[in-house]
Amino acid sequence: MIGRRAALAFAVVAASCTATTVTSVPPGSPVAVPSVGAGGAATARRAIAELCVSPDLGEPELVSPGDLPSQIQELIVQVEAARGLSFVTPPAAEAITDQEMDRKLEESFDIYYPEDLYDRRTVAWRTIGVIPRDADLFESYRAYLTGQVIGFYDPQTGELVYLGEGEDLGLAERMVLSHELTHALDDQRFDLKRLDRLAARCADERFTAALGLVEGSAQHFSTQVIINDPDLDLSELADVVASAGDAQEALRAVPPFVQALQAWPYVTGQAFVDAIARDGGTAAVDAAMLQPPVSTEQVIHPERYPADVPVRVDVADLAGPLGRGWGDLDAMEVGELWLKEMLDLRLPPIASANAAAGWDGGVYRAFTDGEDVVVVLHTAWDSDADAQDFVVAMSDWTGAAAGSHVSVTFADGGVRSVFATDESSLAAARAALSV
């Protein structure tokens, strides 16, 4: 599995082109504001490191390849031809039952998605307003990522598992297996476990950007495999589209913001790989695998890869100035993708894209005393005009939310947005930041 935040992403291809079904979010009691230790880290970067929860992977053993069904062998040849590379060793691919798939997905989810981290992040995202006040991130990700899945590839073990009985693979199965076989091939050639190492230190923006490349590669080359298949039966597409519609219906209970972040690596990632492959062929994709994009900005705007590197921004420790008992709740890098999807919740997509396009760096940091919450989001911009565009967009965005406690100002060469659960906490944060 690739990293904590998308550990199961290889199992869930974009809904527009899979037969994946997704379970609904189960009802439950709201997540309470967690208690934290008093005092905060010296910098936002340090807060990220101290709050990070790395997955306990143990010592996974590589799975030895066995006898492969003939249709899998045919797909391997087609994937190698499309990708322009050959497997170093045959991939380990195994057909498993629904029950075995459910067990593997649940076990992986429990490893890669620590509940404590996502409970804290739930409270921070609720305070910002990107998820509803009764949403539970941990359960939302569980619902999105552990539904019935056709197949997935695990770089930790080199194992590809898929649902199947016998050798007869339908179009949906061939689509997913081509996608996962591309992951297996890219892993053998370029070591996809590097993404796990990014996630292990909570380098969210770099991880998401690299995941866009990895999923984009799998989408790009698996699409070529399918459209160049001489035995392609287009009549099967109707069933695939219908299954995708069922999956979308099942996603209704998952917050739209979570859905958008999860779908992004497949959709925009493929557009990124399409662009660099169009200009430089498979050699350009290979080069990108060796030097992955470092920001979602680079994936959204391929012309900015690899030269446009973000600047580092900081949010100072406000725990002391906010009062007794306040401490760090959550901290996270925030990229163009995150800002765009946030704005998309309340603004027209074109306005959101334009307002986020001048991003040059970002981080948020959340504080709490176990009851009230303050989140400070600091963003850097390519120009003063870009910063002004974001301020205007944020003003429209906050104005569309009744009862919000938000302040947006120019500060430290960028834009500082402060979100709070109540007006007094917002005032205290603004006073501390003005010192």
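Odds and ends about this structure:
- Yes/no for LEU426 being at negative phi and in contact (Cβ under 8 Å) with a residue 60 or more places away in the chain: no
- Residue match in the stretch 119-126 (condition: touching a residue at least 12 places away in the same chain (Cβ under 8 Å), in contact with a strand residue (DSSP E or B) (Cβ under 9 Å, 6 or more places away or on another chain) and of a type in the set (Phe, Trp, Tyr)): yes
- Counting only residues that are open to solvent by less than 60 Å² (accessible area, probe 1.4 Å), modelled with pLDDT under 95 and among the aliphatic types (A, V, I, L, M), the stretch 381-405 holds 1 of them.
- Of all residues in the stretch 40-93, those that are open to solvent by 40 Å² or more (accessible area, probe 1.4 Å) and either over 12 Å from ALA184 (Cβ atoms) or outside any helix (DSSP H, G or I) (or both) total 32.
For every residue, the table says whether it meets (1) over 21 Å from CYS202 (Cβ atoms); (2) free of Cβ contacts under 8 Å to residues at least 60 places away in the same chain.
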{"site": "LEU322", "(1), (2)": "yes, no"}
{"site": "TRP326", "(1), (2)": "yes, no"}
{"site": "VAL334", "(1), (2)": "no, no"}
{"site": "MET342", "(1), (2)": "no, no"}
{"site": "PRO348", "(1), (2)": "yes, yes"}
{"site": "ALA353", "(1), (2)": "yes, yes"}
{"site": "TRP359", "(1), (2)": "no, no"}
{"site": "THR368", "(1), (2)": "no, no"}
{"site": "GLU371", "(1), (2)": "yes, no"}
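- Qualifying positions in the stretch 119-140 - open to solvent by less than 20 Å² (accessible area, probe 1.4 Å) and over 24 Å from TRP397 (Cβ atoms): PHE138
- From the list ASP116, ASP154, the lone residue that is open to solvent by 30 Å² or more (accessible area, probe 1.4 Å) and of a type outside the set (Val, Ile, Thr) is ASP116.
- The set of residues from the stretch 151-205 being over 27 Å from GLU336 (Cβ atoms) and aliphatic (A, V, I, L, M) comprises LEU160, VAL161, LEU163, LEU169, LEU171, ALA172, MET175, VAL176, LEU177, LEU181, ALA184, LEU185.
- Extreme residue, nearest to the chain's Cα centre (by Cα), among residues of the stretch 164-202 that are among the small types (Gly, Ala, Ser) and crowded, with 20+ Cβ neighbours inside 10 Å: ALA199
- Single condition LEU213 does not satisfy, out of (1) in contact with a Phe, Trp or Tyr (Cβ under 9 Å, 6 or more places away or on another chain); (2) more than 30 Å from ASP98 (Cβ to Cβ); (3) open to solvent by 10 Å² or more (accessible area, probe 1.4 Å): (3)
- Checklist (1) within 24 Å of the chain's Cα centre (by Cα); (2) more than 20 Å from VAL311 (Cα to Cα) applied to ALA380, failing item: (2)
- For first residues located in the stretch 176-202 and in contact (Cβ under 8 Å) with a residue 12 or more places away in the chain, partners that are among the basic types (Lys, Arg) and lie 6+ apart or on another chain with Cβ distances below 7 Å form the pairs THR182/ARG83; LEU185/ARG83; LEU198/ARG206; ALA199/ARG4; ALA199/ARG5.
- Index of the failed condition, PRO114 passing every other in (1) out of contact with any Ser or Thr (no Cβ under 9 Å at 6 or more places or on another chain); (2) at pLDDT 90 or above: (1)
- Residues of the stretch 94-126 satisfying the condition of being touching a helix residue (DSSP H, G or I) at 6+ places or on another chain (Cβ under 6 Å) and not aromatic (Phe, Trp, Tyr): GLU115, ARG121, THR122
- Given (1) in contact (Cβ under 8 Å) with a residue 60 or more places away in the chain; (2) within 27 Å of ARG365 (Cα to Cα); (3) open to solvent by less than 40 Å² (accessible area, probe 1.4 Å), number of the condition VAL311 does not satisfy: (3)
- Exclusive hit being closer than 29 Å to TYR144 by Cα, in contact with an Asp or Glu (Cβ under 7 Å, 6 or more places away or on another chain), at pLDDT 95 or above and surrounded by fewer than 22 Cβ atoms within 10 Å (Cβ to Cβ), set ALA271, ALA275, ALA260: ALA260
The values are calculated or read from the model by the stated rules, or taken from the named source; none is laboratory data. None of these values were measured; they are calculated from a predicted model. Heads up, the Cβs are rebuilt from the backbone with ideal geometry, glycines too, and the neighbour counts pull from every protein chain shown. Surface accessibility is based on the protein's heavy atoms, side chains included, excluding ligands, DNA and RNA. Shrake-Rupley method; radii C 1.70, N 1.55, O 1.52, S 1.80 Å.
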